[in-house]
Amino acid sequence: MAGHRTLTYVDPHRPRGRLYYAVARLSATKAGEWFSVNVAWKLDPHLLRLTRGRFSSAGPLAVALLESRGARTGQPRRNATLYFHDGEWVTIVASKRGWPQHPAWYYNLRAHPDVLYGGLPFRAELVEDESERKRLWELADRVFPEYAGYRDQAGRAGRVIPIFQLVPR
């Protein structure tokens with residue numbers, strides 16, 4: 001797994017501008033969903049890798065490249081995910097837009113928790129404590145307000161959206 005060592009610090013308490021929230025809202029529309037599923041999810045891992053983490057299709061939203069190993073195959077896998085920082089730890093949310101199933105990378109992290117994120121080495125830890133999950137959801141909603149809708153949609157399907165904290169190695 002090759003990395004590029006670029007990960008901008010994302011403070012969930014920092015105010016965000018109109019463009020930021022407009023892009024976040026757009027991503028929650030039907031057109032945004034189509035773009036995410038058919039373009040961004042396929043393009044961003046390559047774009048982030050080629051630009052050393054500087055550019056993604058998400059514009060002002062904080063996105064980085066998650067490099068993991070396949071849960072069954074052990075083969076290298078690359079996915080782009082939104083993130084924010086919680087102190088030195090990086091938090092990523094396995095929302096998959098609130099759909100009924102977890103993203104494939106959730107299973108990869110459960111099977112092989114040592115990953116590169118933004119080119120830096122981390123160990124992925126699933127957050128299971130409910131009070132900690134609540135605290136992290138409050139931060140996540142500040143970074144990407146559409147997570148609230150994703151939680152509702154996933155809940156209606158009987159799924160609890162996992163949260164991972166990436167601990168520096």
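Scan the range 36-59 for residues that are assigned to a loop (DSSP other than H, G, I, E, B) and at negative phi and the total you get is 6.
The number of residues in the range 60-84 being under 20 Å from Pro15 (Cα atoms), assigned to a loop (DSSP other than H, G, I, E, B) and among the hydrophobic types (A, V, I, L, M, F, W, C) comes to 2. Of the numbered criteria (1) touching a strand residue (DSSP E or B) at 6+ places or on another chain (Cβ under 8 Å); (2) at pLDDT below 95, the one Trp89 fails is (2). Within the range 67-102, restricting attention to residues that are within 16 Å of Val127 (Cβ to Cβ) and free of Cβ contacts under 8 Å to residues at least 40 places away in the same chain, which residue is surrounded by the most Cβ atoms within 10 Å (Cβ to Cβ)? The residue in question is Thr81.
With the structure loaded, tell me whether Val10 is within 20 Å of Asp152 (Cα to Cα), touching a strand residue (DSSP E or B) at 6+ places or on another chain (Cβ under 7 Å) and at pLDDT 90 or above or whether it fails that test. The answer is no for Val10. Within the range 11-35, the set of residues being acidic (Asp, Glu) and not in a helix (DSSP H, G or I) comprises just one member, Asp11.
Within the range 52-68, the presence of at least one residue that is at pLDDT 95 or above, farther than 22 Å from Arg142 by Cα and not hydroxyl-bearing (Ser, Thr, Tyr) is confirmed.
The values are calculated or read from the model by the stated rules, or taken from the named source; none is laboratory data. Keep in mind that what you see is a predicted model, and the values were worked out from it rather than measured. Cβ: placed from backbone, ideal geometry, glycine included. Neighbour counts: every protein chain shown.
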